[in-house]
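One structure is given below, encoded as structure tokens.
Here, each number is a calculation from the coordinates, and none is a lab measurement. Just so we're clear, the structure is a prediction, and the values are computed from it rather than from any experiment. Here the Cβ positions follow ideal geometry from the backbone for every residue, glycine too, while neighbour counts run over all protein chains shown.
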Amino acid sequence: MGGNRYLLGLCLALLPAVASAQPGPQEPPPGTPAQTHLDRGNTLYQQQRYAEAAREFQAAYDQSHHAALLYNIARALEAAGELRGALDAYRRFDEAGAPGADPQGLQTLRDRIASLRARLGEGGTTAPTPAPPTAAPQPQPTPHPPGEDRAPPSRLGSWLLLGGGVACAGASVAFAVLASGNSARVRAGNLGQEPYSLALEDARSSAQLQSTLAWTLGLAGGALLTGGVLGFLLRSGAPRPGAPRALVLPTPGGLGLGVGGTI
């Protein structure tokens, strides 16, 4: 149980530490002063109180002499801007054999040492303390092309076209039934089955008018129904520039159905 607590504390303190770094075989048992300082240092490091965390890690190292703690000390000092002390701790960790570091992690350690040496300069003067790290910028939402951020268009027009088409179709059927009845009377009169009368003449005129209305309303109803169906199909998604649209247009002979758009 003590070994697990030490490993967790070391990983929390290292953050972007050398890959595969592991604590050495001598780990302070729970409740010892070294473990207490290590736990306190981890807490301070997470609170970004790096200078205080470095002092606690140093105290843990003084109590246990565990070489892996040198890396904790170096990371905390570097975050606090104490580059000279961080470089010294990194070197001591490297000279101790970098316990637990694999070849890739060892190369990362050497690169960090070289980077600190460059920042300090060949003369050995301490570089200015870097500004505290700022929070990473939040990703911005991807802008949408013009016209794609609008709400989907209303389908009221399509419903009106469908309703008008159904009404025209129903009226067409009704006039067709009336025309059929009057046509039957006219045929009966022509065959001599019904005597000639003004009612028979009225039936002849009514049959012609009702037949014309039935055909006209049937054609209009079909056009309106087609326009409504096309409206639903063409408006199934957000409108796009140049997208085709179903249009019902007045023509000299009545209503016409057209599909318009920009190519």
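Full extension of the chain between Asp111 and Glu52 gives 18.7 nm of extra length, using 0.36 nm per residue less the Cα-Cα distance.
A full extension of the chain between Ala174 and Arg84 corresponds to an added length of 22.5 nm, given 0.36 nm per residue minus the alpha carbon distance.
How much length is gained if the chain between Phe232 and Gln104 is pulled fully straight, taking 0.36 nm per residue apart and subtracting their Cα-Cα distance, in nm to one decimal?
40.0 nm
Between His65 and Ala188, the modelled label-to-label distance comes to 12.7 nm, taking each label 7 Å out from Cα in the direction of the beta carbon.
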